[in-house]
Every structure is written in C-alpha cells, then in structure tokens.
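Some notes on the structure that comes next.
Derivation of every value follows stated rules applied to the coordinates shown; laboratory data play no part. A quick note: this is a predicted structure, and the numbers were derived from the prediction, not measured. A quick note on method: Cβ atoms are made from the backbone with ideal geometry, for glycine too, and the neighbour counts reach across all protein chains shown.
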Amino acid sequence: LDVTVGGPTGTTIPTDLWGLFLEDLNDALDGGLNAELVRNGDFEFNPADRDGWHALTAWTSSDPARVAVRREDPVHRNNGTYLRLTGPVTLVNDGFDPVAVVPGARYAFSAFTWAVEGSGCIVLALEGDDGVLATVDVPVEPGGWNPVAAELTGQVAGAGRLSLTVPAGLTVEIDVVSLRPVGPDGAPLTFRPDLLETLRALHPAFIRFPGGCLAHGLGLDNMYHWKGTVGPRHEREQTFNTWGYHQSRQIGYLEYFQLCRELDATPMPIVAAGVCCQNLRGRARAIPQDEMPAYVQDVLDLIEFANGGTDTFWGARRAELGSPDPFEMRYLGVGNEDEITDDFRERYAQIADAVAAAYPDVTVIGTAGPAPFGADFEAGWEFARAQKVAIVDEHAYRTPRWFHQNIDRYADYPRDGALVYLGEWAARTNTVRSALAEAAFMTAIERDSDVVALASYAPLLARVGHTQWVPDLIYFDAERVLPSASYFVQQAFAAEPGGEVCAVSLTGAEPVPVPGWAGGAVRVSAGGSEVELTRIGLDGAAVQPARVVPDSEAHLGRLGGRGVLEFTATRSSGDDGLVVCLGDAGGDTVELSLGGWQNKSTTLA
Ligand code: AHR
C-alpha cells in the first residue's frame, strides 16, 4: 500500500473545528460535573414533575413525625419548599449514590437555617457503613433565615452520606443544604475536578450548552431561560429535566461561561427559537407573539451579559457576579432540531434578525430540523438558505457502517455560503468499531472543513447506571472517570489539529467494501431499565414481543433480509438507555440506542 501526500488543496482546517456538546442528560451536571454532593438539597423535587418525587426525595429521617415540609416563609420565592425539624431527629442524604469520601479531603457544608424554638447547634456528620467519618457542630440562630457554613475533614475513605442531627429542645428550619469538596484556594469547588481535567484534555475549541433538547424544553413552562440561572443558588429557577430528573441549575449560565473560560473554549449558547421540543406531552409549543419582543430582548441581554462592558446593565451584572472580564462569546445557536413549522420560521427570523442588527460580530447558528436527516431536513436547509443562515446545525446518530458509507457526504455539499455545524453526532454504540468509524469520518470532516466549520460529539457525559442515552463519550461513577474509545479519538484530533489539507492518494489497495446487513438473530439488551417491546419486525416479518428486565439480554428469534427495521419499545421502569443489537450471519451487529424516546425505527442498509 503506497500513500502519496500531495500538495495543499487550498482548505485550511478551522481552529474552531472540534468542540464539546454539554447537556444535562445522563446526570451529566447534577450528579456529575456539578461538584455538589447533596442530592435535592433545596427540597424542590416536585411531585407534579415525576411520579414518586417529593420534597424529601433522596432524604431519610430517624423520625418522620419530627420532619415537616413547609412553604409558608421561604428563603426565596424561587426556592419555595423547606423543612422544619423538631429535635431529636436525624436527617440523612445519600447524595448521588453515594457520597465518595476521600481521606484528607476537606468538605464545605453550607445551608440556610432558622432556629424557631430553642437554641444551640445541629450536628453535622459524614457517615460511612463503618461508622462516623467526621463530625462538626453548627450553631443556628433565631430571627430569620441565616446562612451557616462549616468544614468537615477526615482521614478515612468510603462511600459516605451526610447526616444532620437536631438535638432535643431545638426546632430548626433548614433549606439550600450543600456539601462540596474544597479546592486548593480554600473555596468550595464548582466543578468535579477529575471530570474537569478529562474535559480539558479534549482541548475543546468551543463548548455548546445547555443542549440539545434541554434548551427548548418539554413545553413552554420547561424552556431554558438563562436569566433564572445566574445569581445566588437559592434564587435560581429549578425545573424538571427533559431527561426525567431534576435540574437544580447550580450549573447555570454563569457556570457554563466560567467553564468555557476555564477550558479556554469559546462559549456557544443554544437558545430556543421561541418554540419548544416537538415531544410536547400536550403542552403549548410556541411563545405567543405578544410575548416574543420580551423573549428577543432576553436573547440580546444574554449577549450583553457575555460580552458587554461593565458600563452596560448586563455587563455590570456579570461583574457583580465575579466576572468583570467579558466571556467573548462569538457563536449563538438559535433552535435545536426544531420542526420547520411557520411558528418556528417566524420566531427564528425575529430572533436572528435582532441579533444580526445589534451584534453583527456574533455568528448565529440555525438548525436543520430533527435528527437524523428526517423529512424536515431539506426544509430546514431550504429555510436556512433563504434566511442566509451562516452556519447550520445538523445531527447524525448513526451506525458505524453509516459513517463509512457516507465518508464523502460533505465532499458533495454545496459550497454556497452556508457552512455546517455537525453539532451532535456519534456512531452507535461504545465499541472500538464505532471509534474507528468516527476517526475515519473525522478525517473526512477535516478534508471537507471548507464546508464543515464546527463539530461536537454527543452526548458528552454519563453517570453509570443513570443513562438516558447511549453511547456517550465519558462515563463516570462517584469515584471513577471511564472515557470511551471514542474519547481518545476525539482527543487525538483536537490535541493535534491539522493546518492545511493536502491531497492524499492510495495505490496498491483495493477499497474494502462496507459489509451489508445479512439478516440474523435479534437480541435486545437493557441497561438499568425494564423495557417492553410490543413489535419488532423487518419488512412485514416480526419476532415475538418481549419484556426485557434490567441488566439482561433477550433473544427474540431471527429476521432475514434487508429493509426497514421497526420496533415499538416502552420503558416500564428505570432511566437507562436501551440498546437493540441485531446480530447477522457474519457476527456483525447493528446497534440502536433508545434514549428518552418511546418509538424507534431505522433502515438497515
Ligand atoms: O444528545 C441527546 C439528544 O439528541 C439531544 O438533546 C437532542 O438534540 C438530540 O435529539
């Protein structure tokens, strides 16, 4: 095999090409990058958001009769629920299963408390299965809500939990409970350090946030509004997460921008295009026109918050929150996988036109509609060209085979002005085969980077046992970080970015054909979820329905031939992603991941 490297093609690889996609999915933030160790420290888990949730989710007590959930006099209107503890009683929080305690590490506790009867101290302890690891007394004051703080440290390791004991004779109200590791500068950490370093090693040129679907939300009441996510933690607006858990917003817009600064990456916020996620659960879908001027102003204010001088209103607010220097935001995404409806078209244009007029230096990124390359895809591009969108965000969650087969996809794209942002993409699932397919595709992206300006693998982070989507780039649990094979591919490309693209030719090798689907056994595996498959078939032929219990695999029978594979799957319990694996005669597999979605179908090439 001879490889001949020729002269430059004229394409210079953009320095912004490889970035990160960060969405609070799979416990990526709460229970992940957010260094907070207490789960539901604000007692804001809302029964209306999810069956079984309540103010005391993640907490247990020694005597429930001595724990009252109250809302009469909250610490802030956005943090409406708190507890009244009448001693003697002990309250325990297991964290995000569990609190990992490191010998010698310092832990910063804080809360708001109000001694309503009696006086004295609450006793704070880090407990492990073998006993108490560290303990400290925290004085509480009467007369209103008071912030309290204390530090815990111990020489023991273990799977811990936080306990708060109120002695007999004392009645205390409590809210906004926090436990964070202390950093080298003595301040509580914002980001979990091992995950932060794992992200840093990816050398991201930009970070996209907060989604994904999280940006436009599941209904208007769930849309992500940045203003409610900056400022003190107890004033932030919390809500349910599109992905089935709770968003504390402790990592809000301020922390997203700080993360970009920390990793020397350009911030790329994605705001909703005035419409919410197409999976509506019957909720309203577009911001009413009479409310759009205020929404457009919010978007303009976001840019002022990021880039404005300290003599502007929002620039001054940024300085007040600790960042006098601007965050130098150059990209703004408007919309995510939106259906290309008139509601979308109107609102997108209103936002994008206002940004272009006020901030011509900020590049607005549009959307090519729902992934992957569905019916709206062409409509998305057509609208983007008519609207003169500079960069269009398109998504590709496909099989490794698809990436090999589509290696020339971007070579064939029109060079008519609109560039591509491959904003979410991954080969299913976490195998070396997928990583190699991604590497091959990335060489093609570099080759065609005169039309592909930006790319980010998705999703980025996943806590083991808490996934709603597979595959993911970096897995982790309470103590360990477990990068996937794909992680090392992303790292290799971003750490050693190319400059000029050179023509390359191969001689002495026949192209290796990408294997096709040959039919075969169907097996279904589930992670931590129980899944009901009511139909799974290929071009009219079907195998038996099945129920797959967590962490198991079911063999369903055989399906032959090529065509459209369809299945209907309903999650009966759990949150974990489902992977359907189809083994063919040659031992090859096609793997489909089921994230938050109920129904999936795909074409077997
Ligand atoms: O990455 C997971 C999800 O995939 C994103 O939230 C959404 O944009 C896409 O469908």
Within the stretch 431-475, list the residues whose amide N lies under 16 Å from a label point set 7 Å along Cα→Cβ of PHE488.
431-440, 473-475
Please arrange TYR295, TYR253, TYR421 by how many other C-beta atoms lie within 10 Å of their C-beta, fewest to most.
TYR295, TYR253, TYR421
Translational D (Stokes-Einstein, µm²/s) of the stretch 333-446 at 37 °C and 0.692 mPa s when Rh comes from the Kirkwood sum over C-alpha pairs?
219 µm²/s
Relative exposure of GLU320, GLU127, GLU72, judged by other C-beta atoms within 10 Å (fewest first)
GLU72, GLU320, GLU127
Length released on extending from GLU382 to ALA349, taking residue separation times 0.36 nm less the Cα-Cα span:
10.5 nm
Compute the signed sum of charges (Lys and Arg +1, Asp and Glu -1) over the other residues within less than 11 Å, Cβ to Cβ, of TYR348.
-3
Taking the Cα-to-Cβ direction at ALA149 and at SER505 and moving 7 Å from each Cα, how far apart do the two end points lie in nm?
6.8 nm
For ILE287, what is the net charge nearby, where nearby means another residue's Cβ is under 10 Å from its Cβ and Lys, Arg count +1, Asp, Glu -1?
-1
Once R0 is set to 30 Å, what does the formula 1/(1 + (r/R0)^6) return for the Cβ-Cβ distance between VAL123 and ARG77, expressed as a FRET efficiency to the nearest 0.05?
0.45
Taking the Cα atoms of the stretch 36-181 alone, what are Rg (to one decimal) and Dmax (as a whole number) in Å?
14.5, 42
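Can you give the local net charge around LEU482? Use residues other than it whose beta-carbon is closer than 12 angstrom to its beta-carbon, Lys and Arg +1, Asp and Glu -1.
Once all neighbours under 12 Å are counted, the net charge is -2.
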Roughly what would the spin-label model give for ASP412 and ARG200, points 7 Å off Cα along C-beta, in nm?
4.4 nm
Compute the distance from the alpha-carbon center of the stretch 108-181 to that of the stretch 472-502, in whole Å.
40 Å
I want to make sure I understand the PRE zone here: with the label point 7 angstrom from the Cα of ALA187 toward its beta carbon, which residues in the stretch 309-323 have backbone N atoms less than 16 Å away?
318-323
How many nm is it between the label spots at ASN46 and ASP264, if each spot is 7 Å from the Cα in line with the beta carbon?
4.2 nm
Counting other beta carbons within 10 Å of each residue's own, what order do GLU23, GLU173 fall into, fewest first?
GLU173, GLU23
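Just in the stretch 396-482: which trypsin sites (Lys or Arg not before Pro) are loop by DSSP and have at most 16 other Cβ atoms within 10 Å?
Taking the stretch 396-482 and a limit of 16 other Cβ atoms within 10 Å, the loop trypsin sites (Lys or Arg not before Pro) found are ARG415, ARG480.
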Using DSSP to define loop residues, name the chymotrypsin sites (Phe, Trp or Tyr not before Pro) in the stretch 1-80 whose beta-carbon has at most 11 other beta-carbon atoms within 10 Å.
none
Computed E for HIS54/LEU1 - FRET, C-beta separation, R0 56 angstrom, nearest 0.05
0.30
Given the stretch 82-129, report the % of alpha carbon pairs whose separation exceeds 14 Å.
63 percent
Ellipsoid equivalent to the stretch 381-461 - semi-axes via the Cα gyration tensor, in Å
24, 13, 10
Report the residues of the stretch 386-407 in range of a label on THR443: point 7 Å along Cα→C-beta, backbone N strictly under 13 Å from it.
404, 407
Per DSSP, loop trypsin sites (Lys or Arg not before Pro) in the stretch 1-82 with at most 15 further Cβ within 10 Å
ARG50, ARG71, ARG77
